[in-house]
1. Between (i) 60, 32, 15; (ii) 63, 17, 14; (iii) 38, 34, 21, which matches Cα extents along the principal axes in Å calculated for the structure shown?
2. As I understand it, the value is the acute angle between the Cα axis of helix 49-78 and the longest principal axis of the Cα atoms of the chain; what does it come to in degrees, rounded to 10?
3. By count of other Cβ within 10 Å, fewest leading, how are 42, 50 ordered?
4. If I take every Cα pair under 8 Å that is 6 or more residues apart in the chain, average their sequence separation and divide by the length, what percent do I get for the relative contact order?
5. Extending each Cα 7 Å along its Cβ direction at residue 62 and residue 5, get the distance between those two points in nm, one decimal.
6. How would you order 20-27, 7-14, 51-58 from highest to lowest mean count of nearby Cβ atoms within 10 Å?
7. For the chain, take the longest principal axis of its alpha carbons; what is the angle in degrees between that and the long axis of helix 12-44, to the nearest 10 within 0 to 90?
8. How would 41, 64 line up from fewest to most surrounding beta-carbon atoms within 10 angstrom?
């Protein structure tokens, strides 16, 4: 029980732990989905510089978006 905290509320220490745990879960999910995408891009794209650069950028964007979405879902799920 924390003084001034509503019933069912989360204290700042607990919230920090939840955010940290959600970030760790999101990182693993993002890595797990990005690795197959990177392998697929490596094997399927032509070997010229432009297509490889587009592939690398798309894999990085995929990782960032997946991490953000998974972090938010994990945080909502753990509340």
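1. Correct label, based on the coordinates given: (ii).
2. The angle comes out near 20 degrees.
3. 50, 42
4. On the way: 49 pairs, mean separation 34.9, N = 79.
Once normalised by length, the contact order is 44 percent.
5. Inter-label distance under the simple model: 4.0 nm.
6. Details: 20-27: 15.1, 7-14: 9.8, 51-58: 13.2.
Highest to lowest by the protection proxy: 20-27, 51-58, 7-14.
7. Its long axis makes an angle of about 10 degrees.
8. Working: 41 17, 64 12.
Arranged by neighbour count, lowest to highest, 41, 64 become 64, 41.
FYI, it's all coordinate maths here, none of it is from the lab. All values derive from a computational prediction rather than experimental measurement. Here the Cβ is made from the backbone with ideal geometry for all residues, glycine too, and neighbour counts use every protein chain on show.
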